[in-house]
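Remarks on the structure that follows.
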Amino acid sequence: MNKIKLFDPCITKQEEKQLLSALRSKHWASGAGSSLVNLFEKKFQEYTGAKTCVAVNNGTAALHLALSEANVSGNEVILPSLTFVSTAHAVLYNNGKVKFADIDPTTLCMDVDSVKKAITKRTRAFLPVHFGGMPADLISLETLASETNSALIDDAAHASGATLNGKKIGSIGTMSCFSFHPVKNLAMPTGGLVALNQKNFQQVRKTLLSRRWCGIADRKDVEYDVKELGWNFYMNEFSAAIGLAQLSTLDKLNKKRLNAAKRFYRELDVERKMPLNTDCVYHFYWILVKNRKQFRKKLSEIGIETGIHYKPVHKMSMYKTSVKLPITEKISQQIVTLPTHPNLTEEDLTKIIESVNKFC
Ligand SMILES: Cc1ncc(COP(=O)(O)O)c(C=O)c1O
């Protein structure tokens, strides 16, 4: 039986060629030699329309680094609970306090009214997640950020290539944090990036570059200084090599994801499903089902892999809180994620649709 995987990166000869060339260059760390990391930053900046970009070694590091520049220590960051745990960890890495807001029941992105209720004098940043590649309401959050003198930092781990009001995600708000984990729309062995949009982006870039490499600053030949604590968050040249090839086909591959979503939206006979939005890049496609355990087992038995995104962060032991998030709680008990990756054939999509309609 041919297994239909939930996630599956798309590779071509271009990735193989780029990878081999990075290998033969013998410059495997960034900073020296062929500078594929610098090139990737430049190409991603041009692609998104961000003011500048800082590449790092994963999406968690991107969030950690971006929040290090948002004055969150001892203050509060508002974020959704329906996300991967890194979104919340990044606040704690920076000694901030996590404040969960509920989600919108249609998009499953952070709900602006719930955010408004969570704002206090200590709010310093809003951290929405583009859930499944669906753009969060950055326009309303941008207004709230400017009213409260806070940063708008979006977790764009699912959203490489997504747009909002004609602008690419990565070019809106203060900073955007991308993940290029192998399951993501733009896949690398491991990688991430912070896209910067603030007015003083050049100065912030300099700070983030230093924190990305152990706090090293003012480097001239073998001379350098260390003025503050930094981390080792460098992206390596192999990741950048693959990323460059992936970036050149991103729009084409995202279009295939959209086509899968169109079929799911039109043909799935389920009560609640992910809306159709041509700005979304459909990292996955979610549906709600009541008998989730049984449903997933049935699909698995016929070779269709599904997922659960996510067990909410506020249900994890270390994040337990008394805050009430009724929509997050209800949805997280019923959500099932279906594959949308570009390796799926029309026959695969038909099999998924027929099986979901039979077992849901
Ligand atoms: C929403 C979200 N945020 C952050 C991350 C962290 O990215 P990485 O795995 O590259 O550290 C992920 C990755 O799974 C994610 O899905």
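Here are the numbers for this structure:
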| item | result |
| --- | --- |
| Heavy atoms of Cys360: accessible area, 1.4 Å probe, square angstrom to 10 | 60 |
| Carbon plus sulfur fraction of accessible area for region 1-142, probe 1.4 Å, in percent | 53 |
| Size of electric dipole in region 250-359: Cβ of Lys, Arg +1 and of Asp, Glu -1, about Cα centre, debye, nearest 20 | 480 |
| Partner aspartates and glutamates for Lys199 [C-alpha distance under 14 Å; skip if fewer than 8 residues away on the same chain] | Glu69 |
| Spin-label pair Ser25/Asn232, simplified geometry with 7 Å Cα→Cβ offset, distance in nm | 2.1 |
| Tail beyond 19 Å, pair distance distribution of region 50-183 (Cα, percent) | 42 |
| Integer Hz, Karplus 6.51/-1.76/1.60 couplings in order for region 97-108, x for Gly and Pro | 10, 7, 10, 7, 10, 7, 10, 6, x, 8, 9, 6 |
| Theoretical ellipticity at 222 nm over the chain - DSSP helices of four or more residues, -39500 (n - 2.57) apiece, nearest 500 | -12000 deg cm²/dmol |
| Accessible-area composition of region 206-360, carbon plus sulfur, in percent [1.4 Å probe] | 50 |
| Cα-based reach from Lys315 at 12 Å (exclusive), listing aspartates and glutamates while leaving out same-chain residues under 8 positions away | Glu329 |
| Solvent-accessible area per residue for the chain (1.4 angstrom probe, square angstrom) | 45 |
| Amide H contacts of Arg272 (H built 1.01 Å from N, under 5 Å, at least 5 apart or other chain) | Leu288 |
| Å³ per residue enclosed by the Cα convex hull of region 13-242 | 117 |
| Cα-Cα over 23 Å, subset of Lys117/Lys167; Lys99/Lys184; Lys116/Lys320; Lys42/Lys206; Lys297/Lys351; Lys97/Lys290 | Lys117/Lys167; Lys99/Lys184; Lys97/Lys290 |
| Rg(Cα)/(2.2 N^0.38 Å) for region 250-359, N = residue count | 1.14 |
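The values are calculated or read from the model by the stated rules, or taken from the named source; none is laboratory data. Computed from a predicted model, the values in this text were never measured in an experiment. Reconstructed Cβ throughout: ideal geometry from the backbone, glycine too, with neighbour counts over all protein chains shown. Note: areas computed on protein heavy atoms with side chains; ligands, DNA, RNA excluded. Shrake-Rupley method; radii C 1.70, N 1.55, O 1.52, S 1.80 Å.
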